[in-house]
Amino acid sequence: MAFLWTLSELRTPFFDQVFQCITYLGQELIPVIVICALYWCYNKKLATTIGFTYITSGLMVQGLKITFRIPRPWVLDPDFEPVESAVAAATGYSFPSGHTQSATSLFAPLALFFKKWWQKVLCVAVFLLVGLSRMYLGVHTPADVCTAILLTSSVSLILWKCQKWLERPESTKQITCILLAVTVLFCIYASILYYQGLIEQHYVADCYKMAGAAIGFAIGWYLERTTLQFTNEGCSKKELLIRLIAGLLLTVIFYVIPKLLPFEFLLWKMIRYAFIIFWIVYGYPYLFTRYRKQ
């Protein structure tokens, strides 16, 4: 907490706004948009690696959150005040930082992908700044941020080194089964903690959301690999741009409409996120592939 108190003394209205903008790079929307653009239009292999990094590290971070159940800094120290504008998005337990995990899962693989040193430095700087913004805003401690960075960077590096394994056709079923099995065990673990009264319902909902994303990703990736195998080769820039815009619009529609339905049971959040990720990974590629063939 001492470091957070030091940062709080440096706060100004201007820097509050600057770091609030930086922290938005850790919102789940940013990786989703980048993955969509890469996957549908540019580099399916890179997008898949980012997707695996995001899903795997996300499950690990949510698992650590409900295991250690460490409160936010202002709960640990009632005298400490975070930046008010950042509190609304600071849901769930504090350790590790979900925003930092999200940003690192996107920019760490990009840093490994880029060839030029300044591109690598820029990518690393982005997720480090997101981590710093979480501490400046007073919603995470250094332990929360550093753990998220180390964990997600490690996952990113391991998956990057295992790309040949991920790309082998004979590995597809094995990887899918492993991811689905881990996700099911994760859901069972979260449910046990909930029914034992150790965590509240909205914490389970966050876990189910990540589990839904993992299920949608695993099934969509398996079907795309085994039945579709779409390619961007032969597509004009205009066609790719139209594909991206149309896909993002449809994705927004499919994301928003289910939120308007009056369903409040826990599994609904899992179903929603499973559907939207499945749509991104398999559903929309299936549609534009069929359209091109016609």
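The values are calculated or read from the model by the stated rules, or taken from the named source; none is laboratory data. On a predicted model such as this, the values are computed, not experimentally measured, just so you know. Methodologically, a virtual Cβ is constructed for each residue, glycine included, from the backbone with ideal geometry; neighbour enumeration extends over all protein chains shown. For accessibility, only protein heavy atoms count, side chains too; no ligands or nucleic acids. Shrake-Rupley method; radii C 1.70, N 1.55, O 1.52, S 1.80 Å.
Details
- Looking across the stretch 121-175, just one residue is acidic (Asp, Glu) and at pLDDT 95 or above, and that is Asp144.
- Among the residues listed as Ala218, Ala213, the single one being in contact with a Ser or Thr (Cβ under 6 Å, 6 or more places away or on another chain), buried (at least 20 other Cβ atoms within 10 Å of the Cβ) and hydrophobic (A, V, I, L, M, F, W, C): Ala218
- Sole exception among (1) part of a helix (DSSP H, G or I); (2) loosely packed, with under 12 Cβ neighbours inside 10 Å for Glu224, by number: (2)
- Among the residues of the stretch 263-294, the ones that are outside any helix (DSSP H, G or I) and either crowded, with 16+ Cβ neighbours inside 10 Å or of a type in the set (A, V, I, L, M, F, W, C) (or both) come to 2 in all.
- Restricting the stretch 176-206 to residues that are in contact with a helix residue (DSSP H, G or I) (Cβ under 9 Å, 6 or more places away or on another chain), modelled with pLDDT of 90 or more and polar (S, T, N, Q), the residue that is nearest to Thr67 (Cα to Cα): Ser191
- Residue satisfying condition, being within 30 Å of Asn43 (Cα to Cα), hydrophobic (A, V, I, L, M, F, W, C) and assigned to a helix (DSSP H, G or I), within set Ile192, Ile253, Ile188: Ile253
- Meeting the requirement of 1 or more residues that are within 20 Å of the chain's Cα centre (by Cα), modelled with pLDDT under 90 and farther than 30 Å from Arg168 by Cβ, the helices (runs of 4 or more DSSP H) wholly within the stretch 1-71 are 29-37.
- Of all residues making up the stretch 171-208, the number that are open to solvent by 40 Å² or more (accessible area, probe 1.4 Å) and within 22 Å of Glu224 (Cα to Cα): 8
- Reported count of residues in the stretch 113-134, each being more than 12 Å from Ile22 (Cα to Cα) and crowded, with 19+ Cβ neighbours inside 10 Å, is 1.
- Enumeration of residues in the stretch 81-96 that are open to solvent by less than 10 Å² (accessible area, probe 1.4 Å) and either more than 14 Å from Tyr24 (Cβ to Cβ) or among the β-branched types (Val, Ile, Thr) (or both): Ser94, Pro96
- Looking across the stretch 227-241, the residues that are at negative phi and surrounded by 10 or more Cβ atoms within 10 Å (Cβ to Cβ) come down to Leu228, Phe230, Thr231, Asn232, Cys235, Glu239, Leu240, Leu241.
- Residue in the stretch 242-262 that is hydroxyl-bearing (Ser, Thr, Tyr), open to solvent by less than 20 Å² (accessible area, probe 1.4 Å) and in contact (Cβ under 8 Å) with a residue 24 or more places away in the chain present: yes
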